[in-house]
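Only the coordinates and a few stated rules stand behind these numbers; no lab work does. All values derive from a computational prediction rather than experimental measurement. Here the Cβ is made from the backbone with ideal geometry for all residues, glycine too, and neighbour counts use every protein chain on show.
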Amino acid sequence: MQPKFNMTQRENIFLAKRNIVDYIWKSANLEGIGVTYPDTQTIYDGIAVSGYTIDEINAINDLKHAWQYVLENINLELDLDFIKHTHMLLGKFTVINAGFLRRDEVRIGGTNRIPDLPEEKNIRDKINAVMEKNGISEIERALDMTLLLMRMQLFYDGNKRLAMLIGNKIMIQNGQGIITVKQEDNRAFYKLLIAYYETGKTDEIKRFLYDNCIDGMVFNR
């Protein structure tokens, strides 16, 4: 997969900060957190909004803090410890045992597949395998990591939000843009995601993400 954008890390961080509310809004809606864009902006700005549950408001604030952590530590090594800490921030007030690998069976809506219980050494090996894989572009590495984390379901909840944020760490660090699923693509994305959960085959969903879900900017230098 060839790069779609050729940004510097600084330019990509600028893009992320410029559109961060949009990315948070889309990520929240992807997991069924039905907050409007204007209200996402208001919550992000620290202003009280009526008409939402405490969990919905906390989910936006947790995403805000997780994004801030990733952007402030964009060059830290990406390993399981970084992933755990990011999830702890992402689910601090909304996910049971945020930041800790789940110890119980979970089920995924739309499929009968039950993910294996996370085993720390196995997870570290899989993460390292993606990070150390030769002969792939950084955009493909980011998509591979995103899909790996989605399918493993390491935590009790928030796995899609986490996976996309971790994928975006790789994207931003290497000036490749932002992975973000537009509202109008949610249905198609979920159809492919369920097929991926069941088969483990990444080709179709990875191509869909590459073709439809990469945001970026062209900077005149």
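How large is the helix-only mean residue ellipticity at 222 nm for the chain, computed as the sum of -39500 (n - 2.57) over DSSP H runs with n ≥ 4, divided by its residue count, in deg cm²/dmol to the nearest 500?
Details: 10 runs with 126 residues, N = 221.
Here the helix-only value at 222 nm equals -18000 deg cm²/dmol.
Rounded, prolate or oblate: pick one for segment 1-112, where a ≥ b ≥ c are the square roots of the eigenvalues of its C-alpha gyration tensor, a/c under 1.5 means rounded, and failing that, prolate if a/b is larger than b/c, else oblate. Each step should come with its number before you reach the end.
Numbers: a/c = 1.59, a/b = 1.11, b/c = 1.43.
Oblate is the answer for segment 1-112, as a/c is 1.5 or above yet b/c matches or exceeds a/b.
Tabulate in residue order the Karplus-calculated ³J(HN,Hα) for segment 12-25, using 6.51 cos²θ - 1.76 cosθ + 1.60 with θ = phi - 60°, rounded to whole Hz; enter x for Gly and Pro.
Each residue of segment 12-25 in turn: 5, 5, 4, 4, 4, 5, 5, 10, 4, 5, 4, 5, 5, 4 Hz.
Could you tell me the number of lysine pairs in segment 1-134 with C-alpha atoms less than 13 Å from each other, where the two lysines are 8 or more residues apart or belong to different chains? Don't skip to the end; give the middle numbers.
Numbers: Lys17/Lys64; Lys26/Lys64; Lys64/Lys92; Lys84/Lys92.
Taking the Cα cut-off of 13 Å, the pair count is 4.
Relative contact order of the chain, please, whole-number percent, based on alpha carbon pairs below 8 angstrom and at least 6 residues apart.
28 percent.
Quick check: from the Cα gyration tensor, does the chain come out rounded (a/c under 1.5), prolate or oblate?
rounded
How far is the Cα center of segment 42-70 from the Cα center of segment 1-41, in Å?
Spelled out, the Cα-based centre of one part sits 15 Å from the other.
Whole-Hz Karplus ³J(HN,Hα) for segment 150-163, in order, using 6.51 cos²θ - 1.76 cosθ + 1.60 and θ = phi - 60°, x for Gly and Pro?
Couplings: 4, 6, 6, 6, 5, 10, 5, 7, x, 5, 5, 4, 4, 4 Hz.
When the chain is fully extended, how far beyond the present Cα-Cα distance does Phe14 get from Asp104, taking 0.36 nm per residue of separation?
Details: separation 90, 0.36 × 90 = 32.40 nm, distance 3.95 nm.
Full extension of this stretch gives 28.4 nm more.
If you place +1 on the Cβ of every Lys and Arg, -1 on the Cβ of every Asp and Glu, and leave all else neutral, what size is the dipole of segment 154-209 about its Cα centre, to the nearest 20 Debye? Show your work: numbers first, answer last.
Working: 9 positive and 6 negative charges, 18 e Å.
Approximately 80 debye in magnitude.
At 7 Å along the Cα-to-beta-carbon direction for both Ile54 and Ala195, put a label point, then send me their distance in nm to one decimal.
Reported label-point gap for Ile54 and Ala195 is 4.2 nm.
Any idea what the dipole of the chain comes to, in debye rounded to 20, about its Cα centre with Lys/Arg Cβ at +1 and Asp/Glu Cβ at -1?
Numbers: 28 positive and 30 negative charges, 58 e Å.
Roughly 280 debye for the chain.
Identify the residues of segment 132-154 with backbone N under 15 Å of a label point that sits 7 angstrom from the Cα of Asp79 along the Cα-to-Cβ direction, or state none.
132
What is the fewest-to-most order of Met171, Met7 by other Cβ atoms lying within 10 Å of their Cβ? Numbers along the way, then the final one.
Working: Met171 28, Met7 21.
By the 10 Å Cβ count, ascending, the order reads Met7, Met171.
Residue farthest toward the positive end of the dipole of segment 132-188, with Cβ of Lys/Arg at +1 and Asp/Glu at -1: which of Ile139, Leu149, Gly177?
It is Leu149, whose Cα lies furthest towards the positive end.
With charges only on Cβ, +1 for K and R and -1 for D and E, what is the dipole size of segment 1-132 about its Cα centre, in debye, rounded to 20?
Values: 15 positive and 19 negative charges, 45 e Å.
Once rounded to the nearest 20, the dipole reads 220 debye.
What shape does segment 106-221 have by the C-alpha gyration tensor, where a ≥ b ≥ c are the square roots of the eigenvalues, rounded means a/c under 1.5, and otherwise prolate means a/b greater than b/c and oblate the rest? Working shown, then result.
Values: a/c = 1.98, a/b = 1.30, b/c = 1.52.
Oblate, because a/c is 1.5 or more while a/b does not exceed b/c.
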